[in-house]
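Below: the structure, in structure tokens.
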Amino acid sequence: MTDEERWEIYHALLARSINGKLKEYHTTEVSNLFSVPLQTVQKIWRRAKNTPNGEAVDVSHKRKGNCGRKKNHIDLSRIVDVPLRRRKTLQSLAASLDMSCTSLFRCLKDGLIKRHTNAIKPSLTENTMRVRLEFCIFMLDRSTMPDHPKFNVMHDVVHIDEKWFYMTKRQSLIIFIPLKKLHRIALVKVHPVQRKIRNRAAGTMELKPMTSIKREDIKEFLIEKVLPRIRERWPREDFGKPIYIQQDNARTHVDPTDEYFRAAASQQGFDIRLMCQPPNSPDLNILDLGFFNAIQTLQHEVCPKTTEELVYAVKNSFDEYSSKHVNRIFLTLQSCMKETMKVRGSNDYKIPHLKKAIMEK
């Protein structure tokens with residue numbers, strides 16, 4: 001019987017009472033009306049009558065909160081003594097505490113313990129933190145210092161990096177080099193099919209990804225693909241000003257002092273320079289900071305079955321990504337550099353929430 005039904009029985013008895021007294025047939029009448037045992041009706045009325053003066057009548061269940069198996073007391077303070085490597089799963093933590101995983105899950109459900117995820121950040125040396133700090137200062141507009149420092153508009157920086165795009169989540173197929181919002185270049189080559197199969201004859205030219213990338217391959221793509229795109233699309237009013245191609249410190253990347261590249265980069269009067277971002281600093285590159293993930297999310301909405309379809313899907317995703325969203329990633333990059341300078345080059349900071357969509361209104 002619910003508390004609502006008990007209260008209805010009490011009010012029915014109270015309505016039939018005269019000066020707090022009932023006739024003998026009243027309890028039987030209410031018992032038949034609600035189809036409950038006579039003793040239950042009598043207990044409800046007796047409990048109401050025995051309420052001390054000055055206290056509110058309460059005919060609700062007394063068993064509420066006082067029935068069922070009693071909870072075992074769990075000393076959650078012992079979790080602090082468990083190493084972090086043993087707290088990655090409930091099963092591992094339960095084994096360390098010598099308790100059942102079900103009991104630990106109840107604590108999680110009741111809010112007594114919480115899950116916490118944290119991105120693993122690389123450990124930085126003092127020299128790396130100094131380089132990170134110098135890199136962020138280099139991105140400041142000298143004309144605004146020291147009173148009101150602001151970042152450069154970064155129109156003269158081209159971010160490049162390699163990225164595996166997947167046809168499925170298990171099969172890796174292709175690498176891309178995006179050039180800010182200029183272009184994207186697929187690191188693929190055409191090879192003849194060596195054997196005859198059902199759908200292709202031997203000798204048919206097939207597009208295949210470059211599964212092994214060497215420094216000479218990167219240099220070739222920079223000189224033959226990236227530099228011509230920059231010269232073709234760079235605004236004429238900025239002709240002659242330095243243009244920086246920012247890359248990370250991968251071993252396969254071209255040395256900024258490479259004479260062959262510098263000769264090619266200075267052709268037609270352009271001043272194109274290679275620069276390396278600080279080591280262990282993916283937060284100082286817009287590609288790793290968010291652009292690659294955004295492109296791959298759009299690409300996964302298509303289901304390519306061949307390398308050609310995958311290349312087309314990635315290129316189409318790149319073209320569909322709006323410049324407004326690219327600008328938001330650059331704002332995030334500037335906020336990361338600002339936080340980096342606050343912590344003296346360290347990566348021990350949280351990316352602030354800037355409400356970029358509101359700022360655009």
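General observations
- Taking θ as phi - 60° and the Karplus parameters 6.51, -1.76 and 1.60, the scalar couplings of region 7-21 work out to 5, 5, 5, 5, 5, 5, 5, 5, 5, 8, 7, 10, 6, x, 10 Hz in sequence order, x denoting glycine and proline.
- Nonlocal amide H pairs with Phe151, under 5 Å, H built at 1.01 Å: Asp141
- Prolate/oblate/rounded call for region 112-160, Cα gyration tensor, a/c under 1.5 rounded: prolate
- Using the Karplus relation 6.51 cos²θ - 1.76 cosθ + 1.60 with θ = phi - 60°, the per-residue 3J(HN,Hα) values for region 82-88 come to 7, x, 4, 5, 9, 10, 6 Hz, with x marking Gly and Pro.
- From phi via Karplus (6.51, -1.76, 1.60), per-residue ³J(HN,Hα) for region 256-264 in Hz, x at Gly/Pro: x, 9, 4, 5, 5, 5, 4, 5, 5
- For Lys219, Lys356, Lys350, order by how many other beta-carbon atoms lie within 10 Å, fewest first: Lys350, Lys356, Lys219
- Here's how it looks for Leu274: its modeled amide H is under 5 Å from those of Ile245, which are all 5 or more places away or on a different chain.
- A prolate overall shape is assigned to region 15-150, the ratio a/c of its alpha-carbon gyration tensor axes (a ≥ b ≥ c) being 1.5 or greater and a/b exceeding b/c.
Read-outs throughout are calculated quantities, based only on the coordinates presented, and are distinct from any laboratory measurement. In this text the structure is predicted, and so the values were computed from the model without any measurement. In this analysis, Cβ positions are derived from the backbone assuming ideal geometry, glycine residues included, and neighbour counts consider all displayed protein chains.
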